[in-house]
Amino acid sequence: MERFPDHMVRGSLKYVSYKGRKVVARDLRTIYQAPTLEAAEEGLAPFEAG
């Protein structure tokens, strides 16, 4: 069964502080809603950087 992007975002937010949730949710949604794999990987770069 495929999970919806919103469910994956909410699941990830369990591990983020309350203050950072708004920013992280916005960034994760852009990754999950990216039209191509390359666009998603570009959105993932800030997370990998720290």
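Rule-based calculations on the coordinates, nothing more; no lab input. Owing to the predicted nature of the structure, the values given are computational and were not obtained by experimental measurement. So basically every Cβ, Gly included, is an ideal-geometry build from the backbone, and we count neighbours across all protein chains shown.
Name the residue that is farthest from Pro46 (Cα to Cα), counting only residues in the range 14-27 that are of a type in the set (A, V, I, L, M, F, W, C) and in contact with a Leu (Cβ under 8 Å, 6 or more places away or on another chain).
Step one: filter the range 14-27 for residues of a type in the set (A, V, I, L, M, F, W, C), giving 16, 23-25.
The next check asks that each one be in contact with a Leu (Cβ under 8 Å, 6 or more places away or on another chain); those that pass are 24-25.
Working: Val24: 10, Ala25: 13 Å.
That would be Ala25.
Restricting the range 12-50 to residues that are assigned to a loop (DSSP other than H, G, I, E, B) and of a type outside the set (Phe, Trp, Tyr) leaves a set whose member that is surrounded by the fewest Cβ atoms within 10 Å (Cβ to Cβ) is Gly50.
Can you confirm whether Val9 is of a type in the set (A, V, I, L, M, F, W, C) and surrounded by fewer than 13 Cβ atoms within 10 Å (Cβ to Cβ)? It is false that Val9 is of a type in the set (A, V, I, L, M, F, W, C) and surrounded by fewer than 13 Cβ atoms within 10 Å (Cβ to Cβ).
Just give me the residues in the range 1-11 being assigned to a helix (DSSP H, G or I) and in contact with a helix residue (DSSP H, G or I) (Cβ under 9 Å, 6 or more places away or on another chain), in sequence order.
Selection gives Pro5, Asp6, Met8, Val9, Arg10.
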